[in-house]
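Engineer: Supplied in structure tokens, the structure appears directly below.
Coordinate-derived values only; no laboratory data. Just so you know, these numbers come straight off a predicted model, no measurement behind them. Glycine gets a Cβ as well: all are built from the backbone with ideal geometry, and neighbour counts include every protein chain shown.
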């Protein structure tokens with residue numbers, strides 16, 4: 001491995017009008033960007049884009065938007081250094097420790113494919129939240145390393161005691177047993193300031209990280225406090241004049257924007273709502289501001305919201321749930337644990353909604369969506385358009401995160417150690433057993449997806465008709481049936497359930513009811529009653545929302561409905577029972593709820609899709625699209641974690657037939 005840990009010192013020395021110097025211990029890492037995924041998997045103490053005692057987050061470097069460090073670095077270099085010239089990149093930086101970091105300067109060592117150093121990008125941060133990248137591509141050999149051929153004009157406001165006059169000279173040692181980096185600021189031909197970073201190499205492994213944390217527990221967290229303490233000495237005790245922060249010069253500076261009146265007002269409203277949290281805790285980090293902690297003092301772990309752009313607060317106040325999701329997709333905020341943060345907000349909904357001064361939009365943020373969705377109607381034409389908008393994204397896209405059976409619904413784990421494929425097979429087996437499917441059974445599946453349940457039923461000797469409104473799904477399911485050798489027992493049709501004809505011994509519908517809509521629940525159950533043969537059973541698996549939330553939710557329009565599932569609506573059990581009783585002879589004779597399994601299913605889908613980002617890009621789905629789907633999975637996972645959502649598999653039969661068979665209504669968790 002090329003990555004190393006350096007334990008050493010950072011020294012600053014200024015020359016006139018007041019001489020001042022200080023030196024303090026530091027621990028920095030030299031991380032080969034290509035090794036980050038392996039280091040994150042192999043080491044217990046280090047995480048890449050995930051919480052660990054020591055971690056590195058791509059969002060902490062270069063541009064504040066999404067993308068890896070390497071992607072953002074190559075984009076920054078593009079005007080001067082062709083991407084094809086860059087091979088290995090080593091980032092010399094202070095990683096996060098316990099989630100916190102302030103890097104006065106980081107160095108991106110960019111090597112050619114032959115191993116020679118092509119350039120160095122010095123990324124400088126100031127205490128105002130701004131950052132600037134100096135691209136140093138005129139390097140010449142020097143003792144033990146390289147140095148810049150010509151001084152680089154100062155273009156970034158770092159210290160309030162210097163203006164932008166002067167130029168920097170940089171010196172970089174080789175990344176070997178010793179690290180030695182020097183920066184000199186020259187003004188009017190004289191040395192005005194010198195910084196020097198030195199260190200001795202250690203292997204980048206758990207043992208060295210543990211030793212660094214044990215021997216330097218505070219040094220890795222005290223960089224910013226030490227800088228502020230030294231600045232206070234210069235300002236108060238030595239009375240140095242202070243220069244105002246100037247406007248950025250050139251495109252290489254990324255500035256923390258100053259909040260305007262609207263942003264400040266929105267921030268105050270959002271923070272006021274956060275201050276009412278009672279069950280959980282939340283830490284909010286805003287560039288250039290001290291971190292704020294809200295919520296219960298005894299909460300075991302605080303969720304973390306890292307604001308990248310202050311417009312987030314305005315979007316929360318004006319666009320509620322949709323604003324929160326869109327802001328994440330746009331890179332306005334991030335968090336180390338997305339489902340955990342969303343779950344924290346959901347658990348504290350009641351507290352967040354209370355109190356004077358909470359804008360209506362913020363009340364809707366915690367309770368689900370904005371007003372004005374209308375009646376959530378689902379006529380046949382509207383249903384086809386809604387289904388195709390989601391499921392016709394392309395079969396290859398869904399293959400990136402689904403298991404081999406292409407089952408796009410909650411899995412049911414029989415054994416905790418089972419994989420996703422085994423859990424999906426168990427769920428299908430439960431549905432078929434509850435529907436009493438065996439050899440010769442006539443089965444109707446409403447919402448047949450890519451055919452996994454139909455193929456499992458055909459394997460039991462059943463004759464299956466599958467209905468779908470997605471042309472992509474229908475074509476692939478038909479091909480899969482032929483490949484499995486069951487085309488004589490399985491057929492798939494592009495047909496709305498309301499247009500189905502015939503009678504069937506068993507009807508199965510797995511998570512299709514969410515696309516029906518409140519107005520059409522009665523029509524759905526009436527169709528089941530009409531199509532089900534005497535003595536038959538229907539098994540319906542559906543996501544549900546708590547009864548007490550349903551009326552308010554169904555009159556709202558949330559981020560999922562806007563961006564992912566057009567026309568989607570999660571029913572409540574009470575609404576389904578009412579529609580069932582009013583429109584059919586059916587009743588629930590068995591019901592099992594397994595929401596925790598859906599949370600696990602969604603976490604697995606999210607993990608798989610994140611690992612398939614290059615394949616998704618090859619299909620034409622860029623980072624913003626993937627962030628939307630990441631948010632979608634995390635949003636739903638949070639709902640199941642907190643019990644705001646559940647998923648049930650219920651068995652329906654005609655009430656008289658259920659009594660005649662001695663079958664009793666049963667509920668199991």
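Engineer: In whole percent, what relative contact order does region 515-669 give with Cα contacts below 8 Å and a gap of six or more residues?
Structural biologist: Across region 515-669, relative contact order equals 38 percent.
Engineer: Follow-up. Normalised by the residues of the chain, what does the relative contact order come to in percent, with Cα pairs under 8 Å and at least six apart?
Structural biologist: About 10 percent, as a whole number.
Engineer: Give the order of 584, 200 when sorted by the count of other beta carbons within 10 angstrom, beginning with the fewest.
Structural biologist: 200, 584
Engineer: Another question, if that's okay. What FRET efficiency do you get for residue 418 and residue 498 if R0 is 41 Å and r is their Cβ-Cβ distance, rounded to the nearest 0.05?
Structural biologist: Calculated transfer efficiency: 0.65.
Engineer: Calculate the length of the line joining the C-alpha centroid of region 519-577 to that of region 101-129, in whole Å.
Structural biologist: For region 519-577 versus region 101-129, the Cα centre distance is 54 Å.
Engineer: Now a separate question. Could you work out how far the C-alpha centroid of region 425-457 sits from that of region 281-347, in angstrom?
Structural biologist: 42 Å
Engineer: After finding the eigenvalues of the alpha carbon gyration tensor for region 4-253, what semi-axes result from the square roots of 5 times each, listed largest first in whole Å?
Structural biologist: 27, 23, 17
Engineer: While we're here: Rg (Å, one decimal) plus Dmax (Å, integer) for the alpha carbons of region 87-168?
Structural biologist: Radius of gyration, then largest Cα-Cα span, for region 87-168: 14.4, 43 Å.
Engineer: Simple spin-label model, 7 Å along Cα-to-Cβ: residue 613 to residue 655 in nm?
Structural biologist: The answer from the label model is 5.5 nm.
Engineer: Any idea what angle helix 311-329 forms with the longest principal axis of the chain, computed on alpha-carbon atoms, 0 to 90 degrees, nearest 10?
Structural biologist: The answer is roughly 80 degrees.
Engineer: Rounding to the nearest 10 and keeping the result within 0 to 90°, find how far the Cα-based axis of helix 420-434 lies from the longest principal axis of the chain.
Structural biologist: Orientation of helix 420-434: about 20 degrees from the principal axis.
Engineer: Hey, rough spin-label estimate for residue 301 and residue 9, points 7 angstrom out along Cα→Cβ, what's it come to in nanometres?
Structural biologist: 3.9 nm
Engineer: Using only alpha carbon pairs under 8 Å that are at least six residues apart, calculate the relative contact order of region 380-668 and give it in whole percent.
Structural biologist: 20 percent
Engineer: To make sure I understand, if each residue's beta carbon is the centre and we count other beta carbons within 10 Å, what order do 560, 446 fall in, fewest to most?
Structural biologist: 560, 446
Engineer: For region 2-19 and region 490-508, write down the distance between their C-alpha centroids in whole Å.
Structural biologist: Cα centroid to Cα centroid, the span is 74 Å.
Engineer: Starting from the Cα of residue 2, step 7 Å toward the Cβ, then list every residue of region 74-99 with an amide N under 13 Å from that point.
Structural biologist: Residues passing the 13 Å test: 86-92.
Engineer: I would also like to ask the following. Within 10 Å of each residue's Cβ, count the other Cβ atoms and sort 197, 262, 591 from fewest upward.
Structural biologist: So the ranking, lowest neighbour count to highest, is 262, 591, 197.
Engineer: Identify the residues of region 484-515 with backbone N under 19 Å of a label point that sits 7 angstrom from the Cα of residue 577 along the Cα-to-Cβ direction, or state none.
Structural biologist: Correct set: none at all.
Engineer: Taking 0.36 nm per intervening residue step and subtracting the Cα-Cα distance, what contour gain separates residue 275 from residue 262 on full extension?
Structural biologist: 2.7 nm
Engineer: Can I ask one more? 222 nm [θ] for the chain, helices only, -39500 (n - 2.57) per DSSP H run of 4+, per residue, to 500?
Structural biologist: Taking each H run of at least 4 residues, the total per residue is -10000 deg cm²/dmol.
Engineer: Working out 0.36 nm times the residue gap between residue 436 and residue 471, then minus their Cα-Cα distance, what length gain in nm do you get to one decimal?
Structural biologist: Taking residue 436 through residue 471 to full extension adds about 9.7 nm, to one decimal.
Engineer: Further, regarding this structure: Quick check: pseudo-label points 7 Å beyond the Cα along Cα→Cβ at residue 215 and residue 482, how many nm apart are they?
Structural biologist: 6.8 nm
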